[in-house]
Amino acid sequence: MSTYAGTPEAPAGASGAPPSDGPEPPVLEAVGLTKHYPVHGGGARGQRRSAVVHAVDGVDLSLHRGKVVALVGESGSGKSTIARLLAQLQPLTAGRLLLRGDDARTRGRRAFRRYVGKVQMIFQDPFGSLNPVHPVRYTLTRAVRIHQGRLRGQELEDALAALLERVHLTPVERYVDKYPHELSGGQRQRVAIARALAADPEVLLADEPISMLDVSIRLGILNLLADLRDRLHLAILYITHDIASARYFADTTLVMYAGRVVESGDSESVTQRPRHPYTRLLVSSAPDPDALAERAAAPPKGEPPSLVSPPAGCRFHPRCPFATDLCRTEVPPLLDVGRGPGGEPLRAACWGWSDRDGAPQVPADEGREA
Ligand SMILES: Nc1ncnc2c1ncn2[C@@H]1O[C@H](COP(=O)(O)OP(=O)(O)OP(=O)(O)O)[C@@H](O)[C@H]1O
Ligand code: SF4
Ligand SMILES: [Mg+2]
C-alpha cells in the first residue's frame, strides 16, 4: 500500500472517488487540440529548410469543476504546450477550445482578459514567476485590482488577507510585506496560487507546480490544491512527470507520448492496471510509490522520438517490444479497453486492444497491487 495514497492527509476524492453529486458538463474542453511549431533548419541563405515540430496532435481533454485531471508524460511529450494552448497564450494550429460549451477563442484584449478571469495558470518555477523587486502586497494588490476593481483601504486589506488565508499563509501580517527572497519556495508557490485566486477562476492550470520545490513541502502544496478543488470547486489540470503523484492527487489521468494521448481513465486504474505498453514502462520506472515525494521519476528506457519527423503509425513503436507491421503503419485510435470503478471509460491507443489482423499480442493485464 502506498503511504502517499493511504496517509490520513490524503485529500478527499484522491483515490478516484471525487466529491460530486453527478456528472456536470465540462467547464473547459479541448477537441482535437493540435500545435505544430514551425522551425527553420540550417543551410545557406535562400536554401533554408523549414520543418514542423508536431508538439501536440489531436488531443481531447475535458476539465470539470471540483475535479483534477493529471497530464503525465516524459519531457517533451507536449504537456506544457497543452497548458499554453488552454491558457490561450499561443494560437492553436487546429482543434477547438470550448468554455462552457461555447467557442472560447478570444479576439482582442478585453475578451482575453475575461477569459483569463476564468482560466488561470500557475507555473513550475515560483522563483521566476514572482517579481523580486515587489513585496507580496504589491503582487496581490495588482491582481486584485485587475480582477476585482479598484479596491482601496480596508476593503483592499480584507481582500489581501482573504487570499493569504486561502493559501494558508497566516498570520497574514507575517507574509504580506515580505519580498520573494524572504520566502521559501513553498511560500512563494502559495503566493503565486493566491495571485491566481484573485481572479476567482473556475479553472487552474498547474504546470509541474511541485517539481522545483523542496521534497518536504511538495505534499503540502498538493494538499492545498486539493483543498481549493474541494472548497472553491475548481477544475484543475495537474501537469507532472510523476505518475505516482497523479494517482494520489488526480481523479482522472491522461498519459501523453510524443504529442498524443495514449491512455486515459480514472487515476487508480491508469496507474495500477495500465493497459498501454508506454504507461507500463512509465509505471515500472517509478518503482517505489511510497517514496513519491523523494525523487523525480526516472526516465523510462529508450529515447522519445523526434517530433519533427515522428515515427509513422504508433509513435511508440520504435521502443515497444510488441510492435508489429500494423503498429508501424497505422495510427492506433484511443480504444475502449474497460471501465473504471465508477463506470468511466478506460482508453488506450494501442492496437493490442483491437481485433485487427496483424494486431500485436500485448499481455492483457499487468496490474500491480497498490
Ligand atoms: N516555441 C517552440 N518552438 C518550437 N518547438 C517547441 C516550442 N515550444 C515547445 N516546443 C517543442 O514542443 C515539444 C513539446 O514541448 P513541451 O514543452 O510542451 O513538452 P513538456 O511535455 O512540457 O516537456 P517538459 O516535461 O520537459 O516540460 C518539444 O519537442 C519542444 O521542444
Ligand atoms: S500500437 Fe503497437 S507499438 Fe504501439 S503501443 Fe501498442 S503494441 Fe506497442
Ligand atoms: Mg513542460
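The values are calculated or read from the model by the stated rules, or taken from the named source; none is laboratory data. Being a predicted model, the structure only gives us computed values, none of them experimental. Heads up, the Cβs are rebuilt from the backbone with ideal geometry, glycines too, and the neighbour counts pull from every protein chain shown. Each accessible area value is taken on the protein alone, full model and side chains, heavy atoms only, with ligands, DNA and RNA left out. Shrake-Rupley method; radii C 1.70, N 1.55, O 1.52, S 1.80 Å.
Numbers for the structure displayed
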read-out: Flag if Leu326 is modelled with pLDDT of 95 or more, part of a helix (DSSP H, G or I), in contact with a Lys or Arg (Cβ under 7 Å, 6 or more places away or on another chain) and not β-branched (Val, Ile, Thr); value: yes
read-out: Strands (runs of 3 or more DSSP E) contained entirely in region 59-162, each with at least 1 residues that are within 16 Å of Ala198 (Cβ to Cβ) and more than 16 Å from ligand 1 (Cβ to nearest atom); value: 119-122
read-out: Which listed residue is basic (Lys, Arg) and out of contact with any Asp or Glu (no Cβ under 7 Å at 6 or more places or on another chain), from Lys118, Lys67, Lys35; value: Lys35
read-out: Qualifying positions in region 122-150 - of a type in the set (A, V, I, L, M) and open to solvent by less than 30 Å² (accessible area, probe 1.4 Å); value: Ile122, Leu130, Val136, Leu140, Ala143, Val144
read-out: Residue in region 44-53 that is in a strand (DSSP E or B), at pLDDT below 90 and over 15 Å from the mean Cα position of the chain (by Cα) present; value: yes
read-out: In region 58-73, residue farthest from Pro311 (Cα to Cα) [restricted to those that are open to solvent by less than 30 Å² (accessible area, probe 1.4 Å) and more than 10 Å from ligand 3 (Cβ to nearest atom)]; value: Gly66
read-out: In region 74-92, residue modelled with the lowest pLDDT [restricted to those that are under 17 Å from Val255 (Cβ atoms) and either touching an Asp or Glu at 6+ places or on another chain (Cβ under 8 Å) or open to solvent by less than 40 Å² (accessible area, probe 1.4 Å) (or both)]; value: Glu74
read-out: Hits in region 323-332 (condition: open to solvent by 60 Å² or more (accessible area, probe 1.4 Å) and either within 16 Å of ligand 3 (Cβ to nearest atom) or hydrophobic (A, V, I, L, M, F, W, C) (or both)); value: Val331
read-out: Region 348-363 residues that are away from ligand 3 (no atom under 16 Å from the Cβ), paired with ones that are among the polar types (S, T, N, Q) (beta carbon under 6 Å, 6 or more apart); value: Gly358/Thr324; Pro360/Thr324
read-out: Members of region 287-322 found to be outside any loop (DSSP other than H, G, I, E, B) and modelled with pLDDT of 90 or more, listed by number; value: His317, Pro318, Arg319
